1. Could we say that Tyr577 is in the same structural domain as Ser681 (by TED's automatic domain parsing) and open to solvent by 20 Å² or more (accessible area, probe 1.4 Å) here?
2. If the Cβ limit is 7 Å and pairs must be 6+ apart or interchain, which residue in segment 29-44 that is away from the ligand (no atom under 15 Å from the Cβ) pairs with which residue that is modelled with pLDDT under 90 and assigned to a loop (DSSP other than H, G, I, E, B)?
3. Say whether the condition of being in the same structural domain as Gly686 (by TED's automatic domain parsing) and open to solvent by 50 Å² or more (accessible area, probe 1.4 Å) is met by at least one residue in segment 402-417.
4. Taking segment 100-116, which residues are open to solvent by less than 20 Å² (accessible area, probe 1.4 Å) and out of contact with any Lys or Arg (no Cβ under 8 Å at 6 or more places or on another chain)?
5. Looking at Leu164, Leu80, Leu141, Leu131, which one is within 16 Å of the ligand (Cβ to nearest atom) and not polar (S, T, N, Q)?
6. Sort out which residues of segment 592-614 are in a helix (DSSP H, G or I) and either among the small types (Gly, Ala, Ser) or open to solvent by less than 40 Å² (accessible area, probe 1.4 Å) (or both), and write them in order of number.
7. In segment 462-479, how many residues are over 30 Å from the mean Cα position of the chain (by Cα) and closer than 18 Å to Thr509 by Cβ?
8. Taking interchain pairs and intrachain pairs at least six residues apart, which have beta carbon atoms under 6 angstrom, with the first residue in segment 422-441 and under 27 Å from Asn698 (Cβ atoms) and the second acidic (Asp, Glu)?
Amino acid sequence: MVDCRSSNMSGKLLLIACLCFSMLLKAQEYEHSYSIFTNSSMPEDHFFSHTSYTGGSTIESNNGKIPVSETFFHTPDNALELRYRSHADGKWDATVYRSGKRGMDHFEKPAFLSLWVFSLSETMTENDLPLIRLMSEDSSLSSGLSIVTLNANEWQRMLIPLDLFGNIDRDHPENTIGIVFSQQVNADAELHTLYVDDIEFMAEKPAHSIILKPEIKDAKGYAMHVDINWPQITDPNVHLVKIYRSCDGSIYQPAGIQQPFINRFADFTGETGKNYSYLITFLNSSYEESEFSEPVSASTRVMSNDELLTMVQETSFRYYWEGSEATSGMARENIPGRHNMVATGASGFGIMALIVGTERGFISREESVERFLKILRFLEGAQKFHGAFPHFMDGPSGKVEPFFGLRDNGADLVETSFLMEGILAARQYFSRDDEQERLIRQKITGIWEGVEYDWFRRYRDGDYLFWHWSPDQGWIIDHRLIGWNETMVVYLLAIASPTHPVPASMYYTGWASQGHIAQTYRSRWGQSTDGDMYTNGNTYYGITLDVGVNNGGPLFFTHYSYLAYDPHFITDRYTNYFVNNQNIAKINYRYCLNNPKGFKGYGEDGWGLTASDGPFDYSADEPVIRQDHGKLTPTGAISSFPYTPEESMKALKNYYFNYGHFLWGEYGFRDAFSLTANWCSEIYMGLNQAPMTVMIENYRTGLIWKLFMQDPEIQEGLRKLEAE
Ligand code: CA
């Protein structure tokens, strides 16, 4: 699809515009320190690096990347390993690129480059050590600086004033995209090894010692990992949290680090039935360490399939519970990412995950009621356009935040509908006859009835609903909602609206239209005539597909509209959508089994192409050659549980047991990974975590489906559709 969930040209243009606007909002956002390297997310080599050499000079590499050491590091789990020989008739370079994270675009103004270096048993002098330069976004290099001397067997910090590199734009640290290590002029032709870690820009502020005493609240063992958490950190001097593990209760080894704004760490040890003890410390910006916490212990244990499902549900749920924006209680777009910005659709999905979490006892009903009231109060006060919400808002103020560009500064009907899916399920869930739950239902009704679905027809008697509307630019984005894709729920809700309904006939004249406009739209984004008339009828990998563009598209098409709207009950003139979704999931599975591009890790337990974070950008992957980049996305297979329970369980177990050491973290599975590229995403995404919690629940008990479908207004909408 187009809009935000694509990497096509219009998406890129929107992104460029949004980056300009983000500067205007700079004051509001949390400012991250600008880090170029802390750890490689994968062992062996660092994806965001490059090595080259000529003549008699050499630098060791893995597939042209800088190797990483898990033996010598300053912060666990690893450091970069530079092993080089500088020769007079050659040269070598090793470049480390910063891995940009979505939305992480607000930084402290830096004054220094800080990096940590280590040499094993060799005191090194200027000629033995590399020259350091900074790389700008146009690939130009700063002037070079030398390290004068380095003692053996000791991690030493280099703190270099940025001005020494020449004209570095300190107001825009993001204009520096990497650091280059290269050989000195006076080459000694000897083999040297240098470990480098924690390359970051530092603000000009004194490093205060940390008075806050570290404390672990809780440690809990699972099949192959232990989850520890601590109270939210309020001391701004905490730069990192360092976690130590012991197998015998006396000798502790560094096990990991965590950002100060996340108060949890998942230690994937890869062993079942073992007892571990943990300590934590806090590090300030000079890496001076606080005192240790008291130790806390837990054991890993054998877990049943049922327990594994609950584990995945609970960890993904935490993204919306612990990871939410503080003022609004709403979901962030991704973590880490912008701190204050909340995403409307992801919050709708998160609301369903909160219901599952309440029902499964991850939180109490009282805690849940309190959170829902917070969210609903926020939504009542938030900026709306004809009752519809923007895609992104600033949590503290409730104002629209045009993250995708200045044209997207108004209503987003698709995101709004994902939110309505969530709150309408909640209206059924909070059914008790007490003051607070009555208040929840009343507020939901007010928000739902406020959405002017009929306004988004744009024209009197218009056949299509439109995705966006801007208060100052009107229908400038001009995007009709035409199926089949993830937006079916928009038409279903518009037909069901008690206050601003659209005629049920629009399902066939708009959403499932077989007219020229719709046909052209489908064949453009599908780059295929298969399914361009809404109906398809072709057979892919032995499976006949009734409805869908191309061979069905990315798996999120089968998830977003159907988290609450039970597809068993949606049968139109062409198909039943449970069956059709199931067929799309099976096509995706069989494509990955077939693996036409020969990517590593694809197979019966490695499948599920859908939209997710990628090594360079977000991409909506699907089971066709041109949209398959070797990237596997856990939510693809796992959120398909109701359609493909056996295949989804195999993927879940494979991802946890075999890839957990890089893929598993505090909010469950990280967004995506590629074994072919040796890359793993460092973020979790709001659109991808909740569908796992919710769809596993729909598979296990049907909870969210039942709640939503019992709503009389939804039932009435369905009756209207069936009468067409
Ligand atoms: Ca490190």
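1. no
2. Close Cβ pairs satisfying both conditions: His32/Met104.
3. Yes; the residues of segment 402-417 include at least one that is in the same structural domain as Gly686 (by TED's automatic domain parsing) and open to solvent by 50 Å² or more (accessible area, probe 1.4 Å).
4. As a first pass, look at segment 100-116 and keep what is open to solvent by less than 20 Å² (accessible area, probe 1.4 Å): 103, 106-107, 110-111, 113-115.
Matches in segment 100-116: Phe107, Leu113.
5. Details: Leu164 fails: within 16 Å of the ligand (Cβ to nearest atom); Leu141 fails: within 16 Å of the ligand (Cβ to nearest atom); Leu131 fails: within 16 Å of the ligand (Cβ to nearest atom).
Answer to the selection: Leu80.
6. Hit for segment 592-614 is Cys592, nothing else.
7. 3
8. Final answer for the pair search is Leu424/Asp711; Gln428/Asp711; Phe430/Glu437.
The values are calculated or read from the model by the stated rules, or taken from the named source; none is laboratory data. Everything numeric here is computed off the predicted structure, so don't read it as measured data. Methodologically, a virtual Cβ is constructed for each residue, glycine included, from the backbone with ideal geometry; neighbour enumeration extends over all protein chains shown. For the accessible areas, the whole protein counts, side chains as well, though only heavy atoms, and no ligand, DNA or RNA atoms are used. Shrake-Rupley method; radii C 1.70, N 1.55, O 1.52, S 1.80 Å.
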